[in-house]
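Visitor: What follows is a structure written as C-alpha cells; I'll ask about it next.
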Amino acid sequence: GGPAMAAVRDVEIDPEGTFKYILVRLQRPGGGEQRDIVRGTKAAEFHNHIFEKVNPEMEKLGYECKCLGGGKIDHNSKDKKIRVFGLSTGYGKADHSVTVEILKKAYTDYEITWSDDKK
C-alpha cells in the first residue's frame, strides 16, 4: 500500500543561491526498499530544520527517514553549476559524492562538483 517510492522526488533544492542541504535515506519499515534523497533550502537556518520538515512528510507516505549528513549547496542556475561542500555540525558531513550523483539525475545538463571545503 501507499504511494510508490518513485513518487518522491530525488531532489528538492532552491533554484538559486547558497544554502544548507541534507542527504536523507528513506526506507520501508522492515527493510527492503530504500533510497536516498537530497533536500536543501535557504529557508533553513539549521540543518535540522530541513529534516524536521521532510521527516513528517515521508512518515505520512510510510517511510522511515534517517539523515545521512549534510553540507551546503551553491546553486548557480545562470551558469548551470552546482557546488556541494561543507558539513553539518549536528549530522556530520554527508557523502557529497553520493549527493552529486543524485543531483545529476535531476540536473542533467549541469556541471556538478563537490569538495570538503568549508566555504
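The values are calculated or read from the model by the stated rules, or taken from the named source; none is laboratory data. Note that this is a predicted model, so its numbers are computed, not measured. Cβ atoms come from the backbone with ideal geometry, glycine included; neighbour counts cover every protein chain shown. The accessibility values were calculated without ligands, DNA or RNA, using every heavy atom of the protein model including side chains. Shrake-Rupley method; radii C 1.70, N 1.55, O 1.52, S 1.80 Å.
Visitor: Residue check: is Leu103 in a helix (DSSP H, G or I) and under 11 Å from the mean Cα position of the chain (by Cα)? Before the answer, list the steps.
Guide: Values: in a helix (DSSP H, G or I): yes; under 11 Å from the mean Cα position of the chain (by Cα): yes.
Considered against the rule, which asks whether it is in a helix (DSSP H, G or I) and under 11 Å from the mean Cα position of the chain (by Cα), Leu103 comes out as yes.
Visitor: Could you please find all residues in region 19-71 being part of a helix (DSSP H, G or I), surrounded by 15 or more Cβ atoms within 10 Å (Cβ to Cβ) and of a type in the set (Asp, Glu)?
Guide: none
Visitor: Further, regarding this structure: In region 79-93, what residues are in contact (Cβ under 8 Å) with a residue 40 or more places away in the chain and open to solvent by 40 Å² or more (accessible area, probe 1.4 Å)?
Guide: Thr89, Gly90, Tyr91
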